[in-house]
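Structure record follows, encoded as structure tokens.
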Amino acid sequence: MNTISILGSGRVGTALATALAQNGAAVVIGTRDPERVRTEWAGTDVEATDIHDAIDRSDVIINATPGDTSLERFTALADQLAGKILVDVSNATTRGDDGMPGGLVYQGSSLGELLQRALPDVAVVKTLNTMLFSAMGSPASLGSAPTVFLSADDIDAKARVRELLAALGWDETWIVDLGGIETARGTEAFALLVPSLLGALGFAPFALSIAR
Ligand SMILES: NC(=O)c1ccc[n+]([C@@H]2O[C@H](COP(=O)([O-])OP(=O)(O)OC[C@H]3O[C@@H](n4cnc5c(N)ncnc54)[C@H](OP(=O)(O)O)[C@@H]3O)[C@@H](O)[C@H]2O)c1
């Protein structure tokens, strides 16, 4: 698999980078503070660099940064992102008093759709946003078969992201292709269930699963 660039070194960025690197992929983290990440991640196979260099290094870029400001930040990167795949894992939510997702920023739409509209030369693929970060790179460790969704307009980009999901340990039968990027509305809204799920079940890894 070609180099994968991940923007953001938080919980999601760390989980994805660690799992991909362990499975043999070349991973670059794009961060606002490469020096800090190099120090903290010393001894791992993950390379840290600034956001512009990380975008240049791969044709598959994962957005693991805050969803509520992603539209503005990625729109400003439109020229550099042209021709690439943007794998959007983020959810655009407002914060409740407890700091957890409290509402949707884009009611009647979704971040995925708005990113695709703002970046017509980029293939935006929404995925992995219906689970806790700790389940993203270790789905087989869950007690029952999880589901991961794909929402995107570009068929070829979806095929590339299926390869990425396989490298993260996702079985082909666990992947549900929901259709175009407009279907990201449904999966992004799942973020509103997360605070109460954490309250009810605790912080053990979980993923949405479709039983049928
Ligand atoms: N946590 C979960 O379980 C989970 C599950 C599904 C989806 N998501 C979504 O995934 C995204 C990341 O979540 P997370 O839990 O990893 O968040 P996080 O721990 O807060 O990490 C986000 C990272 O983004 C970067 N960042 C923060 N503010 C930024 C800004 N203003 N501009 C650019 N970069 C900024 C930072 O990395 P640097 O300091 O390295 O730049 C930060 O570590 C969110 O959109 C979230 O909704 C999270």
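What follows is calculated from the coordinates using simple rules that are stated; it is not laboratory data. These numbers were taken from a predicted model, which means no experiment stands behind them. FYI the Cβ positions are ideal-geometry reconstructions off the backbone, even for glycines, and counts take in every protein chain you see.
Ordered by packing density, taken as the mean number of other Cβ atoms within 10 Å over each peptide's residues, highest first, how do 115-121, 150-156, 127-133 rank?
Details: 115-121: 16.6, 150-156: 18.7, 127-133: 23.3.
Most protected by this proxy first, the peptides run 127-133, 150-156, 115-121.
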Quick check on the chain: take the gyration tensor over C-alpha atoms, sort the square-rooted eigenvalues as a ≥ b ≥ c, and tell me if it's rounded (a/c under 1.5), prolate or oblate.
rounded
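Please state the shape class of region 116-199: rounded when a/c is under 1.5, otherwise prolate if a/b exceeds b/c and oblate if not, all from the C-alpha gyration tensor. Before the final figure, lay out each step's value.
Working: a/c = 2.30, a/b = 1.30, b/c = 1.76.
In terms of gyration-tensor shape, oblate.
Run the dipole for region 109-168 about the Cα centre, Lys and Arg Cβ at +1, Asp and Glu Cβ at -1, nothing else charged, and hand back the magnitude in debye, nearest 20. Please list the in-between numbers first.
Details: 5 positive and 6 negative charges, 35 e Å.
I would put it at about 160 debye.
What is the Cα radius of gyration of region 13-121 over 2.2 N^0.38 Å, N being its residue count? Working shown, then result.
On the way: Rg = 15.0 Å, N = 109, 2.2 N^0.38 = 13.1 Å.
Ratio of Cα Rg to 2.2 N^0.38 Å: 1.15.
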Positive-end residue, the chain charge dipole about Cα centroid, Cβ charges, pick of 107, 146, 43
146
Magnitude of the Cβ-charge dipole of region 1-66, K/R +1 and D/E -1, about the Cα centre, nearest 20 debye?
220 debye
If packing is taken as the mean number of other Cβ atoms within 10 Å per residue, what is the order of 26-37, 198-209, highest first?
26-37, 198-209
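Could you sort 157-167, 74-84, 104-114 so that the peptide with the highest average Cβ count within 10 Å comes first and the rest follow in order?
Peptide ranking by packing, descending: 104-114, 157-167, 74-84.
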About the Cα centre of region 4-201, what is the dipole size in debye to 20, counting +1 per Lys and Arg Cβ and -1 per Asp and Glu Cβ, all else neutral?
300 debye
Classify region 77-164 as rounded, prolate or oblate, taking a ≥ b ≥ c as the square roots of the eigenvalues of its Cα gyration tensor: rounded when a/c is under 1.5, otherwise prolate if a/b is larger than b/c and oblate if not.
oblate
Give the percent of DSSP beta bridges with both residues in region 4-201 that are antiparallel, rounded to the nearest 5.
20 percent
